[in-house]
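Student: Sharing a structure below in structure tokens format, with a few things to ask.
The values are calculated or read from the model by the stated rules, or taken from the named source; none is laboratory data. Remember, it's a predicted structure, so these values are computed and weren't measured experimentally. Reconstructed Cβ throughout: ideal geometry from the backbone, glycine too, with neighbour counts over all protein chains shown.
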């Protein structure tokens with residue numbers, strides 16, 4: 001056995017032994033403890049990095065808003081509109097293909113709920129996800145696909161805690177809402193389909209960001225391991 005292999009084996013064994021007494025699970029790339037209490041809100045509000053992040057976001061947002069209103073900004077937007085026009089005109093087709101392709105992919109992988117992070121031993125779940133993929137290509141069956149996505153999220157609660165699944169709630173609801181609205185014959189509802197999708201993506205990203213301040217210890221290990 002080479003030195004590299006031996007070191008890797010010992011590291012894996014050490015990680016496994018460390019995880020057992022802490023009852024930790026791997027959430028994306030860092031271990032976390034389900035029962036850990038979040039930091040007090042006051043700790044977040046007095047964290048200089050929290051306000052630094054907000055300040056940077058606001059600065060970039062205002063700078064972008066300013067540039068958009070200039071002659072150069074309008075030219076850039078016009079160019080982007082021309083480049084993206086073919087895609088935007090087929091936006092619903094793009095969404096259906098993306099959603100369908102995603103569910104076909106996780107069906108092919110097998111043994112997961114909605115995302116590779118959520119494992120399951122129930123083979124029926126994989127077939128349900130293939131059915132969802134098949135249903136997204138017809139306006140008549142898109143509501144069935146939407147109901148399937150929400151149902152799978154609820155079923156996953158049997159094996160995973162609510163906190164873990166909150167990462168996927170906003171995005172799952174948004175995709176389901178998109179499918180329902182896109183299949184609607186009421187143009188008022190149909191016109192809001194991408195708005196619902198954008199809100200879901202925004203909330204999902206904000207929740208992931210808030211986690212890093214509420215549970216900073218979960219992510220310090222990852223930052224120390226991969227500072228770049």
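Student: Which of the residues belonging to segment 138-154 are farther than 14 Å from residue 103 by Cβ and part of a loop (DSSP other than H, G, I, E, B)?
Tutor: 138, 139, 140, listed by residue number.
Student: To continue, here is another question. Report yes if residue 219 is out of contact with any strand residue (DSSP E or B) (no Cβ under 6 Å at 6 or more places or on another chain) and in contact (Cβ under 8 Å) with a residue 60 or more places away in the chain, otherwise no.
Tutor: It is false that residue 219 is out of contact with any strand residue (DSSP E or B) (no Cβ under 6 Å at 6 or more places or on another chain) and in contact (Cβ under 8 Å) with a residue 60 or more places away in the chain.
Condition check ((1) without any contact (Cβ under 8 Å) to a residue 60 or more places away in the chain; (2) within 17 Å of residue 142 (Cβ to Cβ); (3) surrounded by fewer than 19 Cβ atoms within 10 Å (Cβ to Cβ)) across all residues:
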{"position": "157", "(1), (2), (3)": "yes, no, yes"}
{"position": "163", "(1), (2), (3)": "no, no, yes"}
{"position": "166", "(1), (2), (3)": "yes, no, yes"}
{"position": "175", "(1), (2), (3)": "no, yes, no"}
{"position": "181", "(1), (2), (3)": "yes, yes, no"}
{"position": "185", "(1), (2), (3)": "yes, yes, yes"}
{"position": "188", "(1), (2), (3)": "yes, no, yes"}
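Student: Being within 24 Å of the chain's Cα centre (by Cα), at pLDDT 55 or above and either closer than 30 Å to residue 191 by Cα or loosely packed, with under 10 Cβ neighbours inside 10 Å (or both) narrows it down to one residue among 83, 57, 48; which is it?
Tutor: 57
Student: Restrict the check to segment 3-22 and report whether at least one residue is at pLDDT 55 or above and either surrounded by 10 or more Cβ atoms within 10 Å (Cβ to Cβ) or part of a helix (DSSP H, G or I) (or both).
Tutor: Checked segment 3-22: no residue is at pLDDT 55 or above and either surrounded by 10 or more Cβ atoms within 10 Å (Cβ to Cβ) or part of a helix (DSSP H, G or I) (or both).
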